[in-house]
Amino acid sequence: MKFISPEQPSKVHICLRYLIYFSLTVGFAYSIHLLAAIYQGKTFVEHGVVENLQIACLWLSTLIFSIQIILLKKHRALLMLFASFCCFASIRELDSFFERLLPLISWKFSCLFPIGAIGYLIYDRKQAAKSITAFIGTPAFSLMTTLMFIFIAVAQVIGNKELILNSNPGLQDVKLVRRLLEEGTELIAYFLLVLSSVEMYFSMKHQDKNQN
């Protein structure tokens, strides 16, 4: 497709990519309304529809980053880091399952993935530094920055239980409101992660082309 081709790195094509990513994200966000109309009370419960979609987005991002480790060998260390954090986050979202499966360590074994990736990044630090420098300023970097703003500033801060209680003392179902805010915005952030993992390929491919 021409608008995402690494051979066409003009500002017009980049703007078109942003527009498409924005449209996809807004459409995905509004689809939560449809899910709520269909599944109603099961939409935001633990291991419900929204949480399952979060895990699906994380697994898909892990897969896309893992494939790029093979395709973009020069940026292996950076891609391994992203893939490992996606894998870690997906296992963390399944904490209750792993608490039953592995009572002693639970989901905590997943910390080995980012630790191993950081170790490889240190080992390959010269090339990793080049990859990070090339990554900063790309559309993929912008998407990742945006999803971090959403994940931290909105999902974790605005979706905080104490904030909701303090601002709405008479609210009956605080847990539901918190899950609506936190889980809903987390889902949008994870969807942006999928988009940024796709954009990563085109961004880094273009950077490699410029360096040659």
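The values are calculated or read from the model by the stated rules, or taken from the named source; none is laboratory data. Values in this document were obtained by computation on a predicted structure and should not be read as measured data. When we count neighbours, we look across all protein chains shown, and the Cβ atoms used for this are built from the backbone with ideal geometry, even at glycine.
Below is a table of values for the structure above.
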{"quantity": "Helices (runs of 4 or more DSSP H) enclosed by the range 139-212 - at least 1 residues per element that are touching a residue at least 40 places away in the same chain (Cβ under 8 Å) and hydroxyl-bearing (Ser, Thr, Tyr)", "calculated": "139-149, 174-211"}
{"quantity": "Leading residue by the ranking (nearest to the chain's Cα centre (by Cα)) among those in the range 107-145 that are among the polar types (S, T, N, Q) and within 23 Å of residue 91 (Cα to Cα)", "calculated": "145"}
{"quantity": "Test result for residue 81, part of a helix (DSSP H, G or I) and either in contact (Cβ under 8 Å) with a residue 40 or more places away in the chain or of a type in the set (Ser, Thr, Tyr) (or both)", "calculated": "yes"}
{"quantity": "Unique match (being farther than 19 Å from residue 56 by Cα, at pLDDT below 95 and surrounded by 13 or more Cβ atoms within 10 Å (Cβ to Cβ)) among 132, 164, 152", "calculated": "164"}
{"quantity": "Residues (of a type in the set (A, V, I, L, M) and touching a Leu at 6+ places or on another chain (Cβ under 7 Å)) located in the range 38-54", "calculated": "49, 50, 53"}
{"quantity": "Those residues of the range 12-56 which are among the acidic types (Asp, Glu) and surrounded by fewer than 17 Cβ atoms within 10 Å (Cβ to Cβ), in sequence order", "calculated": "46"}
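The rows are residues; the columns are (1) farther than 23 Å from residue 201 by Cα; (2) assigned to a helix (DSSP H, G or I).
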{"site": "47", "(1), (2)": "yes, no"}
{"site": "57", "(1), (2)": "no, yes"}
{"site": "85", "(1), (2)": "no, yes"}
{"site": "109", "(1), (2)": "yes, yes"}
{"site": "115", "(1), (2)": "yes, yes"}
{"site": "121", "(1), (2)": "no, yes"}
